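Everything on this sheet refers to the single structure shown next.
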Amino acid sequence: MRTYSYPSDVTEEQWALIEPHLPVYPGGRPRKTDLRDVTDAVFYVLRTGCQWRYLPKDFPPKSTVWRYFDEWRQNGTLDTIHDRLRTQVRTQEKPYAPRTTASIDSQSVDTTSGGEQRGRDNAKNVDGRKRHIVVDSMGLLLAVLVTAADVDDAKAAAELFGRLDGQPMSKVERMYADSKYHNFTLYAWVATNARWDLTIVRRPKDAEGWVRLPIRWTVERTFAWLGQCRRLSKDRERSVRSAEAFIQLAMIHLMLNRLEPTEADAEFCYRKPA
């Protein structure tokens, strides 16, 4: 029985899209924890940015929530849920329209604690990590890679492109990127391993300040979507696996709201049960 009285961040209709993809293991004692409560707790951490140990007491214990989150990020559950929701979003919003373009970009963010793969991006004056993503023409995530902030974008791109295996890329003809990806080694990798062309979109000559580049604004918008989750305002994770998992969760949350819109964002106002 759910005892907390503040609104859930996932409606019953949205939960129905997630539940069939959660793993069920035969044998053992009957599960006592409601997976809906676990999912709500994970989304609560994502949206509010609170620490695991500060989860409201009405959620399952933080050790239980963390154990499920750790399992889902490692056994492919989040990958499965994300990819199937993405298929439903495209089917709903762009039926019979295959992907013909994609975009790649990176975002450097500060970290708040220790952990693996940290560095300094002198160009952005950031000490922390760098998020590399590939999105389709709708801005939906196709692949994500988190590295230290001092890793060159073109160098990370080859590893990121390798994660596109198994993704719906068969109709993609062109990958858009900015001038950071102008690298002959990367061009050679694409020519050898990819079926699409890498197209560099450059800033207009003599342009000053921010400029909206054609086509590539879709990937910039995706980073703006991710920024709506306070857990992603900075990289707060000790491992890059967790950092990548929360990016996937943010996109899952976004796609749930596109498939089953709610009238307003959930209000996280904690009230003790009567």
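The values are calculated or read from the model by the stated rules, or taken from the named source; none is laboratory data. Since this is a predicted model, take the numbers as computed values, not measurements. With ideal geometry, Cβ positions are generated from the backbone for all residues, glycine too; neighbour counts draw on all protein chains shown. Quick note on the areas: whole protein, heavy atoms, side chains included, nothing else; ligands and nucleic acids left out. Shrake-Rupley method; radii C 1.70, N 1.55, O 1.52, S 1.80 Å.
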Over the chain, what is the relative contact order in percent, taking alpha-carbon pairs closer than 8 angstrom and at least six residues apart? 26 percent
Probe radius 1.4 Å, ligands and nucleic acids ignored: give me the carbon and sulfur share of the accessible area of the chain as a rounded percent. 48 percent
Per residue, in Å², the accessible surface of the chain once ligands and nucleic acids are set aside, probe 1.4 Å: 54 Å²
Below 8 Å, C-alpha to C-alpha, sequence gap of six or more: please give me the relative contact order for segment 76-225 in percent. 22 percent
Theoretical gain in end-to-end length, Glu19 to Arg84 [0.36 nm per residue, Cα-Cα removed]: 22.2 nm
State the percent of C-alpha pairs, over all pairs in the chain, separated by a distance greater than 23 angstrom. 57 percent
Take Thr64 and Glu12, extend 7 Å from each Cα along the Cα→Cβ direction, and tell me the distance between the two endpoints in nm. 2.2 nm
Give, in nm to one decimal, the length gained when the segment between Lys234 and Thr185 is fully stretched (0.36 nm per residue of separation minus the Cα-Cα distance). 14.5 nm
Give me the percent relative contact order of segment 103-181, please, defined on Cα pairs under 8 angstrom at least 6 residues apart. 29 percent
Cα-projected label distance for Tyr96 with Trp52, points at 7 Å along beta-carbon direction, nm: 4.8 nm
With each pseudo-label sitting 7 Å past Cα toward Cβ, what's the Ala224-Glu159 distance in nm, one decimal? 3.0 nm
What translational diffusion coefficient, to the nearest whole µm²/s, does segment 1-147 have by Stokes-Einstein, given a Kirkwood radius computed over alpha-carbon pairs, a temperature of 25 °C and 0.890 mPa s viscosity? 135 µm²/s
Which percentage, to the nearest 5, of the DSSP beta bridges contained in the chain is antiparallel? 70 percent
